[in-house]
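The structure appears right after this line, and notes come after that.
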Amino acid sequence: MKKTWLIVLGVVVALGLWVSGFYNNLVISREKVDTQWAQVQTQYQRRYDLIPNLMETVKGVAKQEQAVFGQIAEARTKYGSAQTTDQKVAAANELETSLSRLLVIVENYPELKSSESYQTLMTQLEGTENRVSVERQRYNEVIRDYNLVIKRFPANLMAGMFGFSPKAYFGADQSAQTAPQVKF
């Protein structure tokens, strides 16, 4: 009888270790997702901080383009007040759309493009955009790994029990499907 209880106890302990191993793997995967999202947000903040300087530089030359400046300001406000990841993604996409409109306006003002302060700001913004792109790609890779972990058997059974659910990929905004028109 003692031997049977020892076997049952051994099976229970082994099962507990197995479940805790899966749980810990799920926690690690979720933390990787959160860490990578923080990297994306860091680059968004850099962009968010550069935009007012760029806008002020452009405003000095393109005074009649106030509608675009208002759209950018509104998009920045939405991003600053966004609470969830989905809200931040939507606000970032709106901001990108507004920035592309600003860049089209800049094409109509050659004297602005030759300004040293404008060139410096554009170089910084281009670098930031590249960083955002890289961090988004890394974020999607981490999301893919996380989603694979929680969807594979038998982890999918435990993921549901412990409240782990699939995360959404970072996708492009619908407006990104159409390139902005530049007219000279």
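The values are calculated or read from the model by the stated rules, or taken from the named source; none is laboratory data. Since the structure is predicted, the reported quantities are computational estimates derived from the model, not experimental observations. No Cβ is skipped: glycine too gets one built from the backbone with ideal geometry, and neighbour counts run over all protein chains shown.
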- Using beta carbons and a limit of 9 Å, which pairs, at least six apart or on different chains, have the first residue in segment 1-28 and more than 23 Å from residue 152 (Cα to Cα) and the second one modelled with pLDDT under 85? none
- Confirm whether residue 118 is among the aromatic types (Phe, Trp, Tyr), surrounded by 18 or more Cβ atoms within 10 Å (Cβ to Cβ), at pLDDT 75 or above and outside any loop (DSSP other than H, G, I, E, B). no
- Query: Could you count how many residues in segment 54-97 are part of a helix (DSSP H, G or I), modelled with pLDDT of 75 or more, surrounded by fewer than 19 Cβ atoms within 10 Å (Cβ to Cβ) and small (Gly, Ala, Ser)?
  - Reply: 5
- Message: So residue 143 passes all but one of these: (1) more than 18 Å from residue 51 (Cβ to Cβ); (2) aliphatic (A, V, I, L, M); (3) modelled with pLDDT under 80. Which condition number does it fail?
- Response: (3)
- Looking across segment 20-49 at residues that are of a type in the set (A, V, I, L, M) and surrounded by 15 or more Cβ atoms within 10 Å (Cβ to Cβ), the single one that is nearest to residue 75 (Cα to Cα) is 40
- Query: On the given criteria, is residue 162 modelled with pLDDT of 80 or more, surrounded by fewer than 11 Cβ atoms within 10 Å (Cβ to Cβ), under 14 Å from residue 19 (Cα atoms) and not β-branched (Val, Ile, Thr)?
  - Reply: no
- Item | Residue list for segment 34-56, restricted to those being of a type in the set (A, V, I, L, M) and closer than 18 Å to residue 93 by Cβ | 40, 50, 51
- Message: Take residue 14 and tell me if it is surrounded by fewer than 14 Cβ atoms within 10 Å (Cβ to Cβ) and modelled with pLDDT under 80.
- Response: no
